[in-house]
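Remarks on the structure that follows.
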Amino acid sequence: MLTSMHKLNHQSRAIWLSCLAASLRTATACAIVAATTLFGPASLRRQVAFPAFSYVTVILIITGASLGDTLRGCWDALCATVLTVVPAILGLWAIGTGQLTTALTSVVVGMAAFVVMLPDHKTHLVSKRIALGQIVIIYVVAYDMGGETDPVMHPVHVAASTAVGVVACVIALLIPYPGLATCQVKKKCKLYADNASEMVKLCVDAFCAKDDTSAQAFVSQAKSLTIKGRKLLNAIKSKKESMKWETLPINFLKPYCMKTAEKLQDTEMPIQGMLIALSNIHSFPPQILDQDLQDHLHKLQENITQTFDHLKSCMPFDLATFPESNLENPILSLHSFPQTHKDLASFFFLFCSKLLKKKMTNNPITNPLSSSDEPNKKNQKENLFEWISAFVMHRRFMLALKCSLSVGFAVLFGLIYSKENGIWSGLPVAISFAASREAVFRVSNLKAQGTVLGTVYGVLGCFILEKYVKVRFLILLPWFIFCSLIRRSRMYGPAGGVSAVIGAVLILGREKFGSPTEFAIIRIVEAFIGLSCSIVVELVFQPTRASTLSKIQLSKSLQVLHECICTVSHCGQKDFLEGGLNMLKANVNELRRFIEEAEMEPNFWFLPFNGVCYNKLLKTLSSMEGLLVFLNHANASLQEEKLSVDKLEDEIEIFKEMIQPSIKCFERVVLVKSLNKLEKELQKSNACDTSSDLELGKLPTSHHKLNIHGPNGEDKIDNLINSYLQKSYELVFGEGCEEVKGHEVVLSSGAFAFCLRGLVRETREIEKGVIELVQWENPSSHVNLYEISCKIDALCNI
């Protein structure tokens, strides 16, 4: 226990130090900009005419970045400058700076923003944000200065201001030592390896525990480590792109770090399976546990721990010496076979432990692009008309149009309010534009709060160091640390944290802008104008609420789940579920994003979003996705043994018949908005025969109640699982399997049966969640899912 707590404290300290290091590098970069723009040579200061944008560039590139991220940011800034400055020079020369008006300026800004946002997703979002910021500054300042603006040097000054911020970022990431993504990934890998090793130890201790109390204590400790493990994995994944940008002399380390990261990511799934198994064991110790098995598990745990220790070195795999395994002997005798469903969890635990060992000793394999994807790409451009239609309706076009209108209207109303300060309405919208859907009200609220917080802090800093204008920038250091913390918080997040940093920097890092208090008020008002314009445009382009999208996405996820269940079979390919599982995972992740957005959006006059119910359904869908993954692994293992597993198809078909109609029913019912409206539509359609059948309690055969319901539902499921186990037992002994081969079949058959039973159990949980959801939306109605499904069927058949 003390060792576990010590490791937790060590991990928390490491996270705190990484946060502190990021804030110090941000402060260093801003200090370099300040030194350059305040104390640099006069000739350089004349070229850097917009130091405010230098600070903005720093915040966009370096916030939480590594050297690889910064190098990519440099490339993004270069692309943005080429994409913006050259067309701006031609545009200002053609239009004439003295001919710009408020309306013309906003139109030109909107058109330029459209051109910037139109390229595909391969152009990084940082590049687009920098380009949008440059567009706002170039045209708004040109309009403000009128005929005095040089159409060539003015855009060049904006480019020079951007370059100062970029150079400051690179220098800040190099001193006092390079902040390499490779080093960060190695540290995160070590932390995750320690975390995962401790989880495996706790799982084995729980399985071998002498009583339920001790086992539950170990399981609780392991589950507490799961959250930190996922955070570390997400941090590792976020640095993959950065590592590609780090060049020699550290280039030779990158492939091995990436392979180590991939291997560590592969260990998450079997460890989670071990936890699932422990949660389903009825009593401890399990019946199959004897002294030999206990000794073997402890040796297996020690072997896995040694492998984790070797993985932490991130050495080349051909040079790394992994511990030789002496665990090839079967951990169960051939006669140890799950007799009933109560034994399945123990065998599933052993299956996952063996799968973990296998994944740690095998080299990570990158799945090649399936051949089925290639024809799809060729068919996308069969003829010019289809290609143009797809392009016009493409998401990029709508995104570019939305960005164009947001920035254009922000500049228009900002200039109407104040010609001299109109830049501060368009700039916040430009540098924070998101390429994906987000909770617009919450994000705008966080940006507004962050802007106000940073601006107020900046004003206070100017007041405290009123007589020391040249050194007041030093007061930003504690603010950087504070903002680095709130960026990781749920209260403000990245949007609020970045806005708070920029708000303070633009106050304390500015020069010759008049009174700080007046400037602060103007900035807050202009920022409010810009955010209001972005909210209105978002609502116009995304009129469908996230709560509605969550309902639709839930139905899509159930549809994909139904398709996955349909493909469950012993007779197909080894990875028969691979494509379906990828689709299911994508749909579940999309559902998770919609639920998060729906929980953040205001209710107004709408029915409150039932986030608790949706999260229960999301958790159940995630569990079913995981069970299907293990089912796929177990099936692949069975097929490798080349047994006549097709003899087990009857039980699998019965299992599919149990839950397929139910999931299909849920998929249809969740889309019903109002039961009263459904009933009225049915009455209007004069569906007398169907209605009378419903009143008599008769349901069409395609929607009969499932076998898993009713007083004997549990017995039917248990009998099905017991029948599957009996046939598996006969299959093993009937074909005279060798001891090792029989051992593999025992574990795989037990795991397959455990997953089947788990899928039935989770289907029941989905039914409870759907009933709760429909009842929430129809509080005065009696909810019977299968009657509702029949009514929907009746309307569709009329």
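The values are calculated or read from the model by the stated rules, or taken from the named source; none is laboratory data. Given the structure is predicted, the values throughout are model-derived calculations rather than measurements. Backbone-built Cβ (ideal geometry, glycine too); neighbour counts: all protein chains shown.
Residues in region 203-217 that are touching a residue at least 60 places away in the same chain (Cβ under 8 Å) and either surrounded by 19 or more Cβ atoms within 10 Å (Cβ to Cβ) or of a type in the set (Gly, Ala, Ser) (or both): CYS203, VAL204, ALA206, PHE207, CYS208, ALA209, SER214, ALA215. Residues in region 582-597 that are surrounded by 20 or more Cβ atoms within 10 Å (Cβ to Cβ) and in contact (Cβ under 8 Å) with a residue 60 or more places away in the chain: 1 in all. Assess whether LEU100 counts as being touching an Asp or Glu at 6+ places or on another chain (Cβ under 8 Å) and surrounded by 15 or more Cβ atoms within 10 Å (Cβ to Cβ). No, not satisfied.
ALA159 meets all of the listed conditions (1) touching a Leu at 6+ places or on another chain (Cβ under 8 Å); (2) part of a helix (DSSP H, G or I) but one, namely (1).
Name the residues in region 584-605 that are over 15 Å from the mean Cα position of the chain (by Cα) and either assigned to a helix (DSSP H, G or I) or of a type in the set (S, T, N, Q) (or both), would you? ALA598, GLU599, MET600, ASN603 - these are the residues of region 584-605 that are over 15 Å from the mean Cα position of the chain (by Cα) and either assigned to a helix (DSSP H, G or I) or of a type in the set (S, T, N, Q) (or both).
So that you can scan it fast, the table gives a plain yes or no per residue for (1) at pLDDT below 80; (2) under 30 Å from GLU596 (Cα atoms); (3) of a type in the set (Gly, Ala, Ser); (4) surrounded by 23 or more Cβ atoms within 10 Å (Cβ to Cβ):
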site: LYS467; (1), (2), (3), (4): yes, no, no, no
site: GLY497; (1), (2), (3), (4): yes, yes, yes, yes
site: VAL501; (1), (2), (3), (4): yes, yes, no, yes
site: ARG510; (1), (2), (3), (4): yes, no, no, no
site: GLU518; (1), (2), (3), (4): no, no, no, no
site: LYS556; (1), (2), (3), (4): no, yes, no, no
site: GLU563; (1), (2), (3), (4): no, yes, no, no
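Listed by first and then second residue, the pairs with beta-carbon distance under 8 Å, at least 6 apart or on different chains, first residue in region 545-560 and within 17 Å of PRO661 (Cβ to Cβ), second part of a helix (DSSP H, G or I) and small (Gly, Ala, Ser), are VAL560/GLY580. Could you go through region 405-418 and let me know if any residue there is in contact with a Leu (Cβ under 8 Å, 6 or more places away or on another chain), at pLDDT below 85 and either over 15 Å from TYR139 (Cβ atoms) or buried (at least 20 other Cβ atoms within 10 Å of the Cβ) (or both). Scanning region 405-418, I find no residue that is in contact with a Leu (Cβ under 8 Å, 6 or more places away or on another chain), at pLDDT below 85 and either over 15 Å from TYR139 (Cβ atoms) or buried (at least 20 other Cβ atoms within 10 Å of the Cβ) (or both), so the answer is no. If the condition is being in a helix (DSSP H, G or I) and under 18 Å from ALA435 (Cβ atoms), then region 85-126 contributes GLY110, ALA112, ALA113, PHE114, VAL115, VAL116, MET117, LEU125, VAL126. Counting only residues that are outside any helix (DSSP H, G or I) and under 15 Å from ALA196 (Cα atoms), how many does region 206-247 have? Qualifying residue count for the region: 0.
What number of residues within region 140-170 are free of Cβ contacts under 8 Å to residues at least 60 places away in the same chain and surrounded by 24 or more Cβ atoms within 10 Å (Cβ to Cβ)? Residues flagged as free of Cβ contacts under 8 Å to residues at least 60 places away in the same chain and surrounded by 24 or more Cβ atoms within 10 Å (Cβ to Cβ) within region 140-170 amount to 1. Take GLY713 and tell me if it is out of contact with any Asp or Glu (no Cβ under 6 Å at 6 or more places or on another chain), at pLDDT 85 or above and small (Gly, Ala, Ser). Against the criterion (out of contact with any Asp or Glu (no Cβ under 6 Å at 6 or more places or on another chain), at pLDDT 85 or above and small (Gly, Ala, Ser)), GLY713 does not qualify.
All of ILE95, ILE137, ILE130 fail the test of being buried (at least 17 other Cβ atoms within 10 Å of the Cβ), in contact (Cβ under 8 Å) with a residue 12 or more places away in the chain and either outside the structural domain of VAL56 (by TED's automatic domain parsing) or over 22 Å from MET398 (Cα atoms) (or both), apart from ILE137. Only helices (runs of 4 or more DSSP H) whose full extent lies in region 1-83 are considered here, and the ones with at least 3 residues that are at pLDDT 85 or above and surrounded by 15 or more Cβ atoms within 10 Å (Cβ to Cβ) are 2-39, 51-62.
Residue-wise test of (1) at pLDDT 55 or above; (2) part of a helix (DSSP H, G or I).
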| position | (1), (2) |
| --- | --- |
| LYS647 | yes, yes |
| ILE654 | yes, yes |
| ILE659 | yes, yes |
| ARG668 | yes, yes |
| LEU694 | no, yes |
| GLY697 | no, no |
| ILE708 | no, no |
| TYR729 | yes, yes |
| PHE733 | yes, yes |
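Of everything in region 606-622 that is over 17 Å from the mean Cα position of the chain (by Cα) and in a helix (DSSP H, G or I), the residue that is farthest from PHE348 (Cα to Cα) is GLY611. Evaluate the following for ILE766: is it within 27 Å of the chain's Cα centre (by Cα) and either at pLDDT 85 or above or assigned to a helix (DSSP H, G or I) (or both)? Against the criterion (within 27 Å of the chain's Cα centre (by Cα) and either at pLDDT 85 or above or assigned to a helix (DSSP H, G or I) (or both)), ILE766 qualifies. Kindly indicate whether any position in region 312-324 is at pLDDT 80 or above, over 18 Å from THR226 (Cβ atoms) and exposed (fewer than 15 other Cβ atoms within 10 Å of the Cβ). No, region 312-324 has no match at all.
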